[in-house]
Amino acid sequence: MKKLSLCICFLVITSLVGAAQGSKDAEAAVPDKADVMQFLDLMHARAQMAQVLDGMAKQMRASVEEGFKQKVPDATPEQLEKVDRLCDTMFASLPMDEMIDAIVPIYQKHLTKSDLAAITAFYGSPVGQKILRELPAIMTESMQAGAEIGKRAFAAKSEEIDRQIAELVKESKKQ
């Protein structure tokens, strides 16, 4: 009877250890591509990438157009339109599917299956969807607030630097 009790205890303990190990393995398991793609779809990653690329295209277009105007000060609207079209083709040809596929292994490297499940559960919830809807406005307003603070700080620092440079110039003239 004592041997049977010991045997049952041993079986119970080993099965508990095995179950605990199994849950640790599940927590540490690498999410599969479908898990990551579900998360990326939930996060509207494709639309966000398109938005970022559109912003980059607009910045590049303005920069290239400005450079063209410096080289051709009397550029015609037609010439500027050609410059804009050239810039637009740069970003239009980016392979979005390839870019999405390239980030899947990055998520698999940094997140476990259980991490991704918890994150997906949050962003799938009403409050998670609300943050996704509101985040662009939050980021825009935050950047505006930060830009205003930065502008004041840089203006003050710029005045200080100008003053210090003027002093250095005076000192160099004395020597």
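The values are calculated or read from the model by the stated rules, or taken from the named source; none is laboratory data. Just so it is clear, the model here is predicted, and its values are computed rather than measured. Backbone-built Cβ (ideal geometry, glycine too); neighbour counts: all protein chains shown.
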Screening GLU141, GLU171, GLU134 for residues that are more than 29 Å from LEU40 (Cα to Cα), without any contact (Cβ under 8 Å) to a residue 40 or more places away in the chain and among the charged types (D, E, K, R) leaves only GLU171
Mind checking which pairs have a first residue in region 57-74 that is under 16 Å from ASP88 (Cα atoms) and a second that is outside any loop (DSSP other than H, G, I, E, B) and acidic (Asp, Glu), Cβ under 6 Å, 6 or more apart or different chains? ARG61/ASP84
Between a residue in region 114-126 that is in the same structural domain as LEU40 (by TED's automatic domain parsing) and surrounded by 14 or more Cβ atoms within 10 Å (Cβ to Cβ) and any residue that is part of a helix (DSSP H, G or I) and among the charged types (D, E, K, R), which pairs come within a Cβ distance under 7 Å, given they are 6 or more apart or on different chains? SER114/GLU27; LEU116/ASP35
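Would you pick out the residues in region 54-107 that are β-branched (Val, Ile, Thr) and either within 30 Å of MET37 (Cβ to Cβ) or under 18 Å from the mean Cα position of the chain (by Cα) (or both)?
Residues satisfying the conditions are THR89, ILE100, ILE103, VAL104, ILE106.
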Of all residues in region 20-53, how many are more than 20 Å from the chain's Cα centre (by Cα), in a helix (DSSP H, G or I) and modelled with pLDDT of 50 or more? 6
Please identify the pairs in which a residue from region 31-47 that is closer than 18 Å to LYS109 by Cα has its Cβ atom under 8 Å from the Cβ atom of a residue that is surrounded by fewer than 17 Cβ atoms within 10 Å (Cβ to Cβ) and of a type in the set (S, T, N, Q), counting only partners at least 6 apart or on another chain. PRO31/THR112
Within region 91-102, can one find any residue that is surrounded by 14 or more Cβ atoms within 10 Å (Cβ to Cβ), assigned to a helix (DSSP H, G or I) and modelled with pLDDT under 90? yes
Determine whether PRO105 is modelled with pLDDT of 95 or more and in the same structural domain as HIS44 (by TED's automatic domain parsing). yes
Does VAL17 satisfy the condition of being part of a helix (DSSP H, G or I) and at pLDDT below 85? yes
